[in-house]
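Enquirer: Please read through the structure below; I'll follow up with questions.
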């Protein structure tokens, strides 16, 4: 039976992958382990990896009912043997992806005990969220056993969300994690509007600073309660964030961040007393704020580079933190080049007719085949709107189905397309309203497509400019780490099809969740990391896209679908 | 023959065929068509159509830029002939992104569309000090176009208006504004003469403010 969370507009069959397998006879059961969720199941070898996932309590997304069409259930084989790739898998993955163990869970069956890696984008929402803070990067250094005793606090002070961690400094173990929305949002959704608030209101700076401090205090309470710890045990704290967040917390001037040349007031690493941040900890505790890189590339980016290992890689590799502002670093030949792109709020659902933030009811996956649209909503709730990752999926599918051309214009004869409101443009129906109470019609408009084109063009053009500055072709990039919450929701394959990300094999992309949070924790316990901070800032070459002659042409070119 | 060639030019601009437009314009000139005829009969109607399609969301920024580039290519070929036959540009416009702001893609597109509409455009670039706008007006510009892309830099627009007043030239010009964070209400608040949400409508706004008919055929030429 298809998963009940999918809204169907036609009938789908059951998992067809296994039905065509030759009869296996009586074979011993096998154990299938799913990383990074640490779940497993002992199953008959006849069943697909998708069914094995269900047995293990791992929610893999499947839109097409397991026939190998929607490509949502990607997994990577880490250890063991599975059946040879089916035709559907061969058309989904390149040779090099297959060689690296990438498979569609609905198509493959086990031939031995297995260890499988499920990337965040293949997972159902709730399990993806859980990973966001906990994600041990495959192959990344775990937290190091430190020389200190006591507890450490690490916080990623994000524009939209804060993530906090309580760490045992001796063992390096994370004792508790907590998240909260950033209460500064009521003074402005994005960094620029908060800076404008400071400029307009005489008490603006104080209001924003107090909101940040309050959020830190709340997270601290939550962490201590969860870990059964006392605040007095905390001897060390590391707080990372983008430049504006850093300045607002410290009460540094921010007006110059709102205008060219966007200079930070102070970018060096700082070690402060808790009182200077407004945190109630033991007076002897130290609060470390790592250095900033530029006006729009902050210490969170530094922390991400530490956690992903990009700062010391010998490869040609990139790390991208996608949001309203997207920060990119490209490493090549020992050089580190960074830029900041104004991708805009479309990826957070703003300026989209039925756009919404990722939350219950948000369409996050879309699949179109032979005129039929299937969607998957977060938490399986009735569709209430579409979030950024859903938008990326939808446009990629519409393009693949020929509903949109390379310019983003629609074929007026496409089924599901109708004239827009006031006769302007057109609308495409993703979800039709039904008689059920609370059912809503969800559409995409011509303008929505344009907004997405602008957002994805900014990101791709930023990376292309960095590649040009580094003297490399995009094809030479060996690894791309996509960080942040949006990065974990994003369907990498759709992003590549849209041209948001370069056309590299699937296996070159990693979704690293809140790598900045991991980096902040590493800074608590690792001396190597503290030294690395300074090295990163020294080696970093910041590229200002606004004045770069290649950005505008690359941006316009990258708007194509 | 003549009408057909004009149609070819018109199509080329609408479809943004930058590599073909030069030949098409040259072919028209070789047929004996005048620069004025080509401008009025093919180029201006083409840009009007491009603007209409953009406003109806049939085409987007890349297509509009390609058309504007084709238009620019044509104008380069025709400009020397305009000077010879005494054809004056419609009016002088000065454009710039305000102080503290480096964004220019939108402003550049406005410049291209205004040129396409027969205006003479002086583009001061980005991060422009108010004094430079004043100089441009003293040099004959009758429209000042201000662009800002950040809520933190749009607040530098009133400084330009004050500088124009202080120099005693505010009455001589029409000031129009554009950019993502601004709108009609802001234009009214700061005392600007108009606001346009995109490059295409900027052309219509400029014409309207100069008391010109919006239809191409009724285009009077002023110095």
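Enquirer: Across the range A:415-433, what is the number of residues that are more than 10 Å from chain B (Cβ to nearest Cβ), touching a residue at least 12 places away in the same chain (Cβ under 8 Å), under 32 Å from the mean Cα position of the chain (by Cα) and assigned to a loop (DSSP other than H, G, I, E, B)?
Expert: Within the range A:415-433, residues that are more than 10 Å from chain B (Cβ to nearest Cβ), touching a residue at least 12 places away in the same chain (Cβ under 8 Å), under 32 Å from the mean Cα position of the chain (by Cα) and assigned to a loop (DSSP other than H, G, I, E, B) number 2.
Enquirer: Within the range A:360-412, how many residues are assigned to a loop (DSSP other than H, G, I, E, B) and either over 14 Å from residue A:64 (Cα atoms) or within 14 Å of chain B (Cβ to nearest Cβ) (or both)?
Expert: Final tally of qualifying residues: 17.
Enquirer: Further, regarding this structure: Within the range B:134-152, can you find the residues that are closer than 30 Å to residue A:194 by Cβ and in contact with a strand residue (DSSP E or B) (Cβ under 6 Å, 6 or more places away or on another chain)?
Expert: Let us first name the residues in the range B:134-152 that are closer than 30 Å to residue A:194 by Cβ, namely B:145-152.
Once the filter is applied, which keeps residues that are closer than 30 Å to residue A:194 by Cβ and in contact with a strand residue (DSSP E or B) (Cβ under 6 Å, 6 or more places away or on another chain), the range B:134-152 yields B:145, B:146, B:147, B:148.
Enquirer: Further question on the same structure: State all residues of the range A:542-560 that are part of a helix (DSSP H, G or I) and either at the interface with chain B (Cβ under 8 Å from one of its Cβ atoms) or closer than 18 Å to residue A:329 by Cβ (or both); if no residue qualifies, say none.
Expert: Filtering the range A:542-560 for residues part of a helix (DSSP H, G or I) gives A:545-547, A:551-558.
Within the range A:542-560, A:545, A:546, A:547, A:551, A:552, A:554, A:555, A:556, A:557 qualify.
Enquirer: Being touching a strand residue (DSSP E or B) at 6+ places or on another chain (Cβ under 9 Å), more than 10 Å from chain B (Cβ to nearest Cβ) and at pLDDT below 90, is that true of even one residue in the range A:448-459?
Expert: Scanning the range A:448-459 turns up no residue that is touching a strand residue (DSSP E or B) at 6+ places or on another chain (Cβ under 9 Å), more than 10 Å from chain B (Cβ to nearest Cβ) and at pLDDT below 90.
Enquirer: Out of B:151, B:126, report the one residue that is more than 26 Å from residue B:71 (Cα to Cα) and within 14 Å of chain A (Cβ to nearest Cβ). Full working, then the answer.
Expert: Details: B:126 fails: more than 26 Å from residue B:71 (Cα to Cα).
Matching residue, one of B:151, B:126: B:151.
Enquirer: Please find, among A:272, A:250, A:292, A:279, the residue that is surrounded by fewer than 24 Cβ atoms within 10 Å (Cβ to Cβ) and closer than 30 Å to residue B:180 by Cβ.
Expert: Working: A:272 fails: closer than 30 Å to residue B:180 by Cβ; A:292 fails: surrounded by fewer than 24 Cβ atoms within 10 Å (Cβ to Cβ); A:279 fails: closer than 30 Å to residue B:180 by Cβ.
Only one candidate qualifies: A:250.
Enquirer: Could you say which residue among A:487, A:462 is in contact (Cβ under 8 Å) with a residue 60 or more places away in the chain, assigned to a helix (DSSP H, G or I) and more than 17 Å from the chain's Cα centre (by Cα)? Don't jump to the end; show me each part of the working.
Expert: Details: A:487 fails: more than 17 Å from the chain's Cα centre (by Cα).
Residue meeting the stated conditions: A:462.
Enquirer: A further question on this structure: For residue B:71, indicate whether it is within 14 Å of chain A (Cβ to nearest Cβ), crowded, with 22+ Cβ neighbours inside 10 Å and within 22 Å of residue B:8 (Cβ to Cβ).
Expert: So residue B:71 fails the test.
Enquirer: Would the range B:159-179 turn up any residue that is on the phi < 0 side of the Ramachandran plot, assigned to a loop (DSSP other than H, G, I, E, B) and under 19 Å from the mean Cα position of the chain (by Cα)? Give the derivation first.
Expert: The initial filter retains those residues of the range B:159-179 that are on the phi < 0 side of the Ramachandran plot, namely B:159-167, B:169-178.
Filter once more, so that each one left must be assigned to a loop (DSSP other than H, G, I, E, B): B:167, B:169, B:173.
Going one step further and asking which of them are under 19 Å from the mean Cα position of the chain (by Cα), we end up with B:173.
So far as the range B:159-179 goes, yes, one or more of its residues are on the phi < 0 side of the Ramachandran plot, assigned to a loop (DSSP other than H, G, I, E, B) and under 19 Å from the mean Cα position of the chain (by Cα).
Enquirer: Within the range A:347-380, how many residues turn out to be within 30 Å of residue A:467 (Cα to Cα) and surrounded by 22 or more Cβ atoms within 10 Å (Cβ to Cβ)? Outline the logic, then answer.
Expert: Step one: filter the range A:347-380 for residues within 30 Å of residue A:467 (Cα to Cα), giving A:347-350.
Narrowing the set further to residues that are surrounded by 22 or more Cβ atoms within 10 Å (Cβ to Cβ) leaves A:347-348.
The number of residues fulfilling the criteria is 2.
Enquirer: Hey, another quick one. Looking at A:467, A:515, A:505, can you tell me which residue is touching a helix residue (DSSP H, G or I) at 6+ places or on another chain (Cβ under 8 Å) and closer than 29 Å to residue A:289 by Cβ? So that I can check it myself, show each step before the final result.
Expert: On the way: A:467 fails: closer than 29 Å to residue A:289 by Cβ; A:505 fails: closer than 29 Å to residue A:289 by Cβ.
On inspection, the qualifying residue turns out to be A:515.
Enquirer: Same structure, new question: What's the number of the condition residue B:146 fails, among (1) in contact with a helix residue (DSSP H, G or I) (Cβ under 7 Å, 6 or more places away or on another chain); (2) within 13 Å of chain A (Cβ to nearest Cβ); (3) modelled with pLDDT of 90 or more?
Expert: (2)
Enquirer: Next question, about the same structure. Condition first: surrounded by fewer than 21 Cβ atoms within 10 Å (Cβ to Cβ) and either away from chain A (no Cβ under 14 Å) or touching a strand residue (DSSP E or B) at 6+ places or on another chain (Cβ under 7 Å) (or both). Now tell me which residues in the range B:45-66 satisfy that.
Expert: B:45, B:48, B:49
Enquirer: If residue B:81 satisfies all but one of (1) within 28 Å of residue A:448 (Cα to Cα); (2) more than 14 Å from chain A (Cβ to nearest Cβ), what's the number of the condition it fails?
Expert: (1)
Enquirer: Give me a count of the residues in the range B:58-111 that are more than 23 Å from residue B:23 (Cβ to Cβ), at pLDDT below 90 and outside any helix (DSSP H, G or I).
Expert: Of the residues in that region, 10 qualify.
Enquirer: A further question on this structure: Kindly indicate which of B:140, B:118 is in contact (Cβ under 8 Å) with a residue 40 or more places away in the chain and either within 14 Å of chain A (Cβ to nearest Cβ) or surrounded by fewer than 22 Cβ atoms within 10 Å (Cβ to Cβ) (or both). Show your work before the answer.
Expert: On the way: B:118 fails: either within 14 Å of chain A (Cβ to nearest Cβ) or surrounded by fewer than 22 Cβ atoms within 10 Å (Cβ to Cβ) (or both).
Going through B:140, B:118 in turn, just one is in contact (Cβ under 8 Å) with a residue 40 or more places away in the chain and either within 14 Å of chain A (Cβ to nearest Cβ) or surrounded by fewer than 22 Cβ atoms within 10 Å (Cβ to Cβ) (or both): B:140.
Enquirer: In this structure, is residue B:81 touching a helix residue (DSSP H, G or I) at 6+ places or on another chain (Cβ under 7 Å) and surrounded by fewer than 19 Cβ atoms within 10 Å (Cβ to Cβ)? First the steps, then the outcome.
Expert: On the way: touching a helix residue (DSSP H, G or I) at 6+ places or on another chain (Cβ under 7 Å): yes; surrounded by fewer than 19 Cβ atoms within 10 Å (Cβ to Cβ): yes.
Yes.
Enquirer: Here is a list of conditions, (1) outside any loop (DSSP other than H, G, I, E, B); (2) touching a strand residue (DSSP E or B) at 6+ places or on another chain (Cβ under 9 Å); (3) surrounded by fewer than 22 Cβ atoms within 10 Å (Cβ to Cβ); (4) within 14 Å of another protein chain (Cβ to nearest Cβ), and residue B:189 meets all of them except one; can you say which number that is?
Expert: Unmet condition: (2).
Enquirer: Of all residues in the range A:260-293 being within 14 Å of another protein chain (Cβ to nearest Cβ) and in contact with a helix residue (DSSP H, G or I) (Cβ under 8 Å, 6 or more places away or on another chain), which is modelled with the lowest pLDDT?
Expert: If we filter the range A:260-293 for residues that are within 14 Å of another protein chain (Cβ to nearest Cβ), which is where we start, we get A:260-263.
The next check asks that each one be in contact with a helix residue (DSSP H, G or I) (Cβ under 8 Å, 6 or more places away or on another chain); those that pass are A:260, A:262-263.
Numbers: A:260: 85, A:262: 90, A:263: 92.
By that ranking, first place goes to A:260.
Table: residues versus (1) under 30 Å from residue A:520 (Cβ atoms); (2) modelled with pLDDT under 90; (3) surrounded by fewer than 20 Cβ atoms within 10 Å (Cβ to Cβ); (4) in contact with a strand residue (DSSP E or B) (Cβ under 8 Å, 6 or more places away or on another chain).
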| site | (1), (2), (3), (4) |
| --- | --- |
| A:27 | no, yes, yes, no |
| A:50 | no, no, no, yes |
| A:84 | no, no, yes, no |
| A:90 | no, no, yes, no |
| A:98 | no, no, yes, no |
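The values are calculated or read from the model by the stated rules, or taken from the named source; none is laboratory data. Since we're looking at a predicted model, the values are computed, not measured. Backbone-built Cβ (ideal geometry, glycine too); neighbour counts: all protein chains shown.
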